[in-house]
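See below for the structure under consideration.
The values are calculated or read from the model by the stated rules, or taken from the named source; none is laboratory data. Predicted model only: the values in this text are computed from it and were never measured. Every residue, glycine among them, receives a Cβ derived from its backbone with ideal geometry; neighbour counts consider all protein chains shown. With ligands, DNA and RNA removed, areas are computed over all heavy atoms of the protein, side chains included. Shrake-Rupley method; radii C 1.70, N 1.55, O 1.52, S 1.80 Å.
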Amino acid sequence: MSRLPPADTTDATDEPPVVVTDEARESLLAGITDELGDAVVGFHIRPGDDLWIRVDRDAWLDIARFLHTGLGFAYFNFLSAIDWMPSPYGRSMDSGVDLTLEGVRVPEPGPVEQGLAGGDTRFQVLARVDDVISNMGITLKVDIPEDDLSLATWVPVYPGANWHERECWEMFGIEFSGHPGLRHLYLPGEFEGNPMRKDYPLLARQVRPWPGIVDVEAMPDDDKADS
Amino acid sequence: MTTVSDQQKLSYIAAQAADARVNLEIESEGMTLNLGPQHPATHGTLRIIARIDGEQVIRADPVMGYMHRGYEKLTEVRTYPQVTTLINRIDWLGSFANEVPFILAAEKLMEVEAPPRAQWIRTILFEMSRIANVVLFLGDMAVQVGAITPVFFAFRDREHVLNQIESVTGGRFHPNFDRIGGLKDDFPKGWIDETRQVMKKMRRFCDEIEVLVMDNEIFQARTRGIGVIPADVGLSYGLSGANIRGSGVDRDLRRDNPCGLVHDQIDWKVWTHPDGDSFSRFWVRLQEVRESTGIVSQLLDSLPSGPVMAKVPRIIKVPAGEAYVETENPLGAMGYYIVSKGDLVPFRVKIRSASFSNVSITPWLLQGVYVPDIITILASLYFILGDIDR
Amino acid sequence: MMTLGELAYWELTSLRVAGGLAAVLLVAGTLVYIHLFKLVSFMQSRLGPMEAGPYGSLQLLAEVGKFLQKEDIFPRKADRFVFAAAPFVVLMSTFLLVVVVPGGPDAWFVDNDLGIYLAMAVSSVSVIGVLMAGWGSANKYSLMGGLRATGQLIAYELPLMLAVVGVVIEAGTMNMQGIVLAQANGSIFGWSGLGNPFLLTQFVGFFVFMIAMQAELTQSPFDMPIAESELVTGYMTEYSGMRFLMFFIGEFATAGVFSAVAAVLFLGGWYVPGLDATSNVFNVIGPLVMLGKVVFLSFLVFWFRFTFPRFREDQLQRLAWKFLIPIALVNIVATGILKVAF
């Protein structure tokens, strides 16, 4: 695909399509490794496209500070988490009821396998920051051990991480220590459980057969309502 | 700039001090004003709990989740082609644009590239959904500031664009037209000429809005200097789209990260505005609609021939891997982080939606503004509830 | 032929009440149909109501019927008496306002020598109704709307009155009938072809009066008290059915009556140039002439209403205190000097 240069392109990092190495991202990685040393425990470069870095949990705030002030990655893109455990419910395309009736056995979940840049734990937090001048983004990952699901908050560095961390907390149950207000964001205040975990069943598919039957349920407080 | 004498400075300080004293004396306990979840200004179910003193906001706290549909969880039980019907509903005013980054991310993992004609048509529909979306903003912003008439013009002229989208895709709002490896179909006969006419109409609409709304002194008085977002704050909150370009940051993913779309094949301009206030966000969006009509016209002129679908397997299994693709959607940068394990369904999809980050700045931004300005600022940030709650 | 003067007092009063009701409600209905239904639809490139009656002309009756059927809802914590009484107070102000407006040389309700003074006084009564509605609803939006409305109405009373003062100086009377006759019989620098419509000699006053009137009617760009995009509908938020209808009628009737007052003050009232002001013809065509002028002036009101965005509360106050009132004061001084000089 031939590329005509647009009128006011400022970025110099977009390579021609056929590249094997990515010097910009490699030098970036080298800079981060120099600064953080052993805290960088894994990385992956897809040339011309993207960079993944896995850091130690204790260095999570340090790398944010370094990226923000040291390397000019001022743009906070998103923060979320991944539960690497394969779902015990399979694809859940059909409800458990149907499957049992048809005698289909739900396959046993496989072993936990982490993605790019490796990993050791079931939960990983991933975050992405961008440099708006060179238009490079970095996806950061960090392992969260299952017996201590907590991580330093990024809010002092990137205030925009506030809501993302709240979402991550309620969806995965990962505590962000130092967060100014770790409250429910989407879910009602009394909600229990962490819906985005793989062992949390997708109730819409489990409770009623697919396609879901539309039924009208009584409001929970109907009898107690003021009358 | 005129120079200020010491005498003037002193009298200014004295006046400020007097004001402060008065404010202290009449300080009241304040009250809590609950805007939403059903409120005309939030066009959806956003709720803002504002602690106000008189008409001034002390603290504002947005509450969302009234429309949370759990798309990230739902995508984990749907095959890749099924996911597009779902994500159509994220930003329901520019639906086609929602599909594009997801399909591009899946294509990146599969290492499939859509044929040139498909890329062109994708870009055309992408820009048309931007026009359909932002045109409504231009009318809506006016109605939030108090002018009722422009919104009718917006609905009237958006209809032309929606008709064109419908005649290609079959759906006015939820096209579900994008496929991995290309598109479902080609343009119908005569569509290209009609679209050229429609683009002319949209340019006329922009002129109309410029005269009727943007040049209006009252509109400017209501929006200029209101809700100022400095560039560094905007970046650290992850603002995107016209919100960050309105703060003078020259970032447009269509130009900076043209993966899979063909914006780099034509001549267009990224508009920025240095002020960072509500007015500049409106201004940038107005220019962008103009620019988009130009992009569509140019792409129609250079439309290549050929198939619209690459060779992809009948049953789509995406190889294991991770990919993140974000595009410049009508509301801002929208991205999908797809984790695949080589299965029929994605293992994890993180949906980075623009409005979520754009609205996350509101607690910071709404401090100290007047109640009427809450509305102006929210309108100028331009969010779609589906895009916040996902 | 029996003249009106020979009727008994109660007969005369009944006639006046009937006439006053007709003058308020028929005019309000006409304005709603012409302006709200048709003019605005035309501006917004839509048709407006088309089904009820020819070109939707009976739509208003259908709307009234709909409102009458609706439940009259009281919020639980509302101050019931204040809440219920508020629309009546607002409507009362409108009906009191119309009594001083003349429709012809002999077609008047009250021929009071302090006519315009009375009009200005009773027009302020609506403030109390609005404040009652805002307070009695026990709703924060209503309260904010009511308070904003009060601040705004009080602020714009002043330029409204000051604009009238110029007319009063020029006419030399406060009697509305006298103001009409002063315009009919007057002359501009010796030329009496048009009489002396104060629109021409008091154009500054007209300008200030129209702006202040727009604000008194809480129409855009001064509709911050209603501000449907933030305060839902301000002080009317909690009203439904009949009581909302009364606010609605009040809004348009007040627009009509204020336009009538403006027509008397600045456009020569029931008089059209070229005819003898004392002729009996005006008792017949006078009301129609008035209606024509009212429709024209309220057209301006609604044209602005559906074109402009709204001012913020502080900007609106600034406009009144720092701009309109000084202009009106200068106008009074200039009028006084010219009056003495000529």
Is it true that some residue in region B:304-314 is free of Cβ contacts under 8 Å to residues at least 60 places away in the same chain, among the charged types (D, E, K, R), open to solvent by 10 Å² or more (accessible area, probe 1.4 Å) and outside any helix (DSSP H, G or I)?
yes
Taking region B:70-89 and keeping residues in a loop (DSSP other than H, G, I, E, B) and open to solvent by 10 Å² or more (accessible area, probe 1.4 Å) leaves B:Gly70, B:Arg78, B:Thr79, B:Arg89
In region A:27-63, residues that are part of a helix (DSSP H, G or I), over 16 Å from the mean Cα position of the chain (by Cα) and either among the hydrophobic types (A, V, I, L, M, F, W, C) or on the phi > 0 side of the Ramachandran plot (or both) total 10
Within region C:231-251, residues open to solvent by 10 Å² or more (accessible area, probe 1.4 Å) and part of a loop (DSSP other than H, G, I, E, B) come out as C:Val232, C:Thr233, C:Thr237, C:Glu238, C:Tyr239, C:Ser240
For C:Ile169, the lone unmet condition from (1) at negative phi; (2) buried (at least 24 other Cβ atoms within 10 Å of the Cβ) is (2)
Counted residues in region C:1-19 being part of a loop (DSSP other than H, G, I, E, B) and either hydroxyl-bearing (Ser, Thr, Tyr) or in contact with a strand residue (DSSP E or B) (Cβ under 7 Å, 6 or more places away or on another chain) (or both) come to 1
inquiry  = Being more than 8 Å from chain A (Cβ to nearest Cβ) and either over 30 Å from B:Val233 (Cα atoms) or surrounded by fewer than 23 Cβ atoms within 10 Å (Cβ to Cβ) (or both): is that true of B:Ser340 here?
reply    = yes
Checklist entry - Somewhere in region C:132-154, is a residue touching a helix residue (DSSP H, G or I) at 6+ places or on another chain (Cβ under 8 Å), hydroxyl-bearing (Ser, Thr, Tyr), free of Cβ contacts under 8 Å to residues at least 24 places away in the same chain and in a helix (DSSP H, G or I)? => result yes
Across region A:120-162, the tally of residues that are of a type in the set (Asp, Glu), within 11 Å of chain B (Cβ to nearest Cβ) and touching a residue at least 60 places away in the same chain (Cβ under 8 Å) stands at 1
Checking C:Ala86, C:Ala22, C:Ala28, C:Ala52 in turn, the sole residue that is surrounded by fewer than 16 Cβ atoms within 10 Å (Cβ to Cβ), away from chain B (no Cβ under 14 Å) and either part of a helix (DSSP H, G or I) or touching a strand residue (DSSP E or B) at 6+ places or on another chain (Cβ under 6 Å) (or both) turns out to be C:Ala22
>> On the basis of being under 30 Å from A:Asp199 (Cα atoms), in contact with a Gly (Cβ under 8 Å, 6 or more places away or on another chain) and either more than 14 Å from chain A (Cβ to nearest Cβ) or open to solvent by 30 Å² or more (accessible area, probe 1.4 Å) (or both), does B:Ala354 make the cut?
In response: no
Exactly one of C:Ser57, C:Ser41, C:Ser124, C:Ser93 is in contact with a Leu (Cβ under 9 Å, 6 or more places away or on another chain) and more than 14 Å from every other protein chain (Cβ to nearest Cβ), and that one is C:Ser124
Within region B:106-156, of all residues that are small (Gly, Ala, Ser) and either closer than 22 Å to B:Phe187 by Cα or modelled with pLDDT of 90 or more (or both), the one surrounded by the fewest Cβ atoms within 10 Å (Cβ to Cβ) is B:Ala118
Exactly one of A:Gly42, A:Gly37, A:Gly31, A:Gly48 is open to solvent by 20 Å² or more (accessible area, probe 1.4 Å) and within 14 Å of chain B (Cβ to nearest Cβ), and that residue is A:Gly48
Item to complete: Look at B:Gly54 and say whether it is on the phi > 0 side of the Ramachandran plot, at pLDDT below 85, within 13 Å of chain A (Cβ to nearest Cβ) and surrounded by fewer than 21 Cβ atoms within 10 Å (Cβ to Cβ).
Response: no
query: Out of curiosity, is C:Leu68 farther than 15 Å from C:Val261 by Cβ and either assigned to a helix (DSSP H, G or I) or acidic (Asp, Glu) (or both)?
result: yes
All conditions in (1) touching a Phe, Trp or Tyr at 6+ places or on another chain (Cβ under 9 Å); (2) at pLDDT 85 or above are true of A:Asp98 except (2)
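This table checks each residue for (1) touching a helix residue (DSSP H, G or I) at 6+ places or on another chain (Cβ under 6 Å); (2) part of a helix (DSSP H, G or I).
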residue: B:Ser247; (1), (2): yes, no
residue: B:Arg254; (1), (2): yes, yes
residue: B:Trp283; (1), (2): no, yes
residue: B:Val289; (1), (2): yes, yes
residue: B:Ser292; (1), (2): yes, yes
residue: B:Ile295; (1), (2): yes, yes
residue: B:Glu322; (1), (2): no, no
residue: B:Ile338; (1), (2): yes, no
- Query: Can you spot a residue in region B:246-254 that is among the charged types (D, E, K, R), crowded, with 20+ Cβ neighbours inside 10 Å, away from chain A (no Cβ under 14 Å) and touching a strand residue (DSSP E or B) at 6+ places or on another chain (Cβ under 8 Å)?
  - Reply: no
For region A:55-78, does any single residue satisfy the condition of being at pLDDT below 80 and in contact with a helix residue (DSSP H, G or I) (Cβ under 9 Å, 6 or more places away or on another chain)? no
Going by the structure shown, is B:Leu93 open to solvent by 10 Å² or more (accessible area, probe 1.4 Å), closer than 17 Å to B:Val339 by Cα and either in contact (Cβ under 8 Å) with a residue 24 or more places away in the chain or not in a loop (DSSP other than H, G, I, E, B) (or both)? no
- prompt: Mind checking whether some residue in region B:138-157 is out of contact with any Ser or Thr (no Cβ under 6 Å at 6 or more places or on another chain), of a type outside the set (A, V, I, L, M, F, W, C) and under 24 Å from B:Thr84 (Cα atoms)?
  reply: no
Worksheet item: Can you find a residue in region B:288-297 that is open to solvent by 20 Å² or more (accessible area, probe 1.4 Å), within 23 Å of the chain's Cα centre (by Cα) and among the hydrophobic types (A, V, I, L, M, F, W, C)?
Response: no
